[in-house]
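Remarks on the structure that follows.
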Amino acid sequence: MPPEERQLLLDDRALARTLLRMAQDIVRQTPDPAHLVLIGVQRRGVELAARLAAAITDLSGAEVARGAMDITLYRDDLEVVGPKPIVGPTRLPVDLDGRPVWIVDDVLFTGRTVRAALDELADFGRPARVGLAVLIDRGRREVPIQADVVGERVTTSADDRVEVFVRELDGRDAVELVHVVKVGA
Amino acid sequence: MSPALGKDLLGLESLAADDIRLILDTAEPFKEISERAIKKVPVLRGKTIVNLFFEPSTRTRISFEFAEKRLSADTVNVASPGSSVLKGETLVDTARNLEAMRIDMVVIRHGSSGAAKFLADRIQSNVINAGDGKHEHPTQGLLDLLTIRDRRPIEGAKVCVVGDVLHSRVARSNIWGLLKLGARVAACGPRSLLPLGIGELGVRVFRRIEEAIEWADVLNVLRLQLERMQAGYVPSLREYYRVFGVTLERLARAPRELLILHPGPMNRGVEIDSRVADGPHSVILDQVTNGVAVRMAALYLLAGGRPELAEAAKGGGDR
């Protein structure tokens, strides 16, 4: 393992503040929040969507429908990476037709995950509008996709990793940038 | 070659417990795809799969075909009724001709034990065994495991295979899979239809169905092939039902709620009472539903993937 440098991007309080601001942005951009559906991309996107939904309910009083989506089967790189062993569940409990739908993911990077999520969404219905909310936008897109709501923008190099930790799965809330130090280069 | 499972799925005997669990876990999210309005995901788009059936089969072939289509693969069915003898040259020539048309996978059903492995050793495409002679029927074994696991933990479950174990590839795949996942396994049937030395596998033998019912949590009731009667293995179907039939009256005396599986097609009134087949303990139709999910999982895990590129691609995706 090459040595790594870890940098804290968001601690638990900063993460909570960022999610609150994202919830406000989503409400501002959704004329009809009562019909809103938030769909988290497995895995961390699902937890973030749950928190955003709770925050939006606090802000607007509206109950927010939630779903979860695993986009593994819609990826364009099965040939290259081989099957990712465990595919997570996709649960879209409400009819999406005519509703404002937001895709929620933790990190926006190449954009390929979102491309796959849009394809999968189209198999489930025809939302009135689809928005994209991401906690971290780390740049370096490979397809022309941009988010409507961004928690934090970070400049990264291709080898860096952005790791999002959530209480529900990891026991703590934090976002860290992991920079791989090249040795002998 | 897939890093997940190897090139072929030939039987459960050769799989590790973790491989079996991987297939069952992967089948879980695939169940949901069949409940969607649009029952299709693009994961095997562009893959060509040949279903090569040298023996008649309705359920298994349709189940594989649904699984393939729901993963967006292109499928061709080749049904060749005829010889149950393995004509090596013919089988390999058929497969090589198909490979020359650039296929990716073969699902094979053949009357000879070992036919799937014979083929897998000679072609580059992935091979899935859909039943070879009396040897194995791994996807049936997997769907039975999934159906049991939906209702109760497999580890520690007492499962009795009832009927013609001797000629049954379903029984063999079941026994291997169940033992590997920590179940306790028994067999019950006429002496003439139980293989010699079955006890050496760690399988308990019951001569009377009443004893099996008293012991078991799960009964997997095998189909009695009607030609077995002509061959003298059982005196008559009515006699078989009287002695080994899984009836409502017998189940009523069970000390606990049993789960009843049957691989189909059923002979109602021979190995199983209609009231049991359609009753609350029966998970026979769940088996059929799970069959599609398990086959989707097996196809997905075998397909695609060039591991030599996987490392290079790791840094590339959103994750």
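Among the residues of segment B:36-58, how many are more than 10 Å from chain A (Cβ to nearest Cβ) and more than 29 Å from B:G133 (Cα to Cα)?
The initial filter retains those residues of segment B:36-58 that are more than 10 Å from chain A (Cβ to nearest Cβ), namely B:48-58.
Restricting the remaining residues to those that are more than 29 Å from B:G133 (Cα to Cα) gives none.
Qualifying residue count for the region: 0.
Yes/no per residue for (1) touching a residue at least 24 places away in the same chain (Cβ under 8 Å); (2) of a type in the set (S, T, Y); (3) within 26 Å of B:K39 (Cβ to Cβ):
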{"site": "A:R112", "(1), (2), (3)": "yes, no, yes"}
{"site": "A:A116", "(1), (2), (3)": "yes, no, yes"}
{"site": "A:D123", "(1), (2), (3)": "no, no, yes"}
{"site": "A:L132", "(1), (2), (3)": "yes, no, no"}
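Restricting to segment A:12-40, count the residues that are among the acidic types (D, E), more than 18 Å from the chain's Cα centre (by Cα) and either at pLDDT 95 or above or closer than 15 Å to A:A147 by Cα (or both).
Just the residues of segment A:12-40 that are among the acidic types (D, E), to begin with: A:12, A:25, A:32.
In the following step, the residues that additionally are more than 18 Å from the chain's Cα centre (by Cα) were identified as A:32.
Filter once more, keeping what is either at pLDDT 95 or above or closer than 15 Å to A:A147 by Cα (or both): none.
Selection size over segment A:12-40: 0.
Taking segment A:47-96, which residues are acidic (D, E), assigned to a loop (DSSP other than H, G, I, E, B) and more than 7 Å from every other protein chain (Cβ to nearest Cβ)? Don't jump to the end; show me each part of the working.
Going residue by residue through segment A:47-96, those that are acidic (D, E) are A:47, A:58, A:63, A:70, A:76-77, A:79, A:95.
Of the ones still in play, those that are also assigned to a loop (DSSP other than H, G, I, E, B) are A:63, A:70, A:76-77, A:95.
Matches in segment A:47-96: A:E63, A:D76, A:D95.
Quick check on segment B:200-219. Is at least one of its residues closer than 18 Å to B:K134 by Cα, of a type in the set (A, V, I, L, M, F, W, C) and out of contact with any helix residue (DSSP H, G or I) (no Cβ under 8 Å at 6 or more places or on another chain)?
The answer is no, given that none of the residues of segment B:200-219 is closer than 18 Å to B:K134 by Cα, of a type in the set (A, V, I, L, M, F, W, C) and out of contact with any helix residue (DSSP H, G or I) (no Cβ under 8 Å at 6 or more places or on another chain).
Take segment A:1-39 and flag every residue that is charged (D, E, K, R), assigned to a loop (DSSP other than H, G, I, E, B) and closer than 27 Å to A:D159 by Cβ.
Residues of segment A:1-39 charged (D, E, K, R): A:4-6, A:11-13, A:17, A:21, A:25, A:28, A:32.
Cutting the leftovers down to assigned to a loop (DSSP other than H, G, I, E, B) gives us A:11, A:32.
Selection gives A:D11 alone.
If A:L132 meets every condition in (1) closer than 29 Å to B:L5 by Cβ; (2) at pLDDT 95 or above apart from one, which number is that one?
Exception for A:L132: condition (1).
Helices (runs of 4 or more DSSP H) wholly in segment B:231-319 with at least 1 residues that are at pLDDT 95 or above and of a type outside the set (D, E) - which ones?
Values: elements: B:237-244, B:248-252, B:274-277, B:284-302, B:307-314.
Answer list for segment B:231-319: B:237-244, B:248-252, B:274-277, B:284-302.
Taking segment B:103-125 as the search range and keeping residues that are within 17 Å of B:D19 (Cβ to Cβ) and at pLDDT 95 or above, which one is nearest to the chain's Cα centre (by Cα)? Even if it seems obvious, please write down each step before you answer.
In the first step, residues of segment B:103-125 are kept if they are within 17 Å of B:D19 (Cβ to Cβ); the result is B:116-117, B:120.
Then keep just the ones that are at pLDDT 95 or above; that gives B:116-117.
Values: B:A116: 14, B:K117: 16 Å.
Looking at residues that are within 17 Å of B:D19 (Cβ to Cβ) and at pLDDT 95 or above, I get B:A116.
Looking at segment A:45-56, can you tell me whether even one residue there is touching a Lys or Arg at 6+ places or on another chain (Cβ under 6 Å) and either surrounded by fewer than 17 Cβ atoms within 10 Å (Cβ to Cβ) or free of Cβ contacts under 8 Å to residues at least 40 places away in the same chain (or both)?
Within segment A:45-56 (the criterion being touching a Lys or Arg at 6+ places or on another chain (Cβ under 6 Å) and either surrounded by fewer than 17 Cβ atoms within 10 Å (Cβ to Cβ) or free of Cβ contacts under 8 Å to residues at least 40 places away in the same chain (or both)), the answer is yes, since at least one residue qualifies.
The values are calculated or read from the model by the stated rules, or taken from the named source; none is laboratory data. Note that this is a predicted model, so its numbers are computed, not measured. Neighbour counts run over all protein chains shown; Cβ positions are idealised from the backbone, glycine included.
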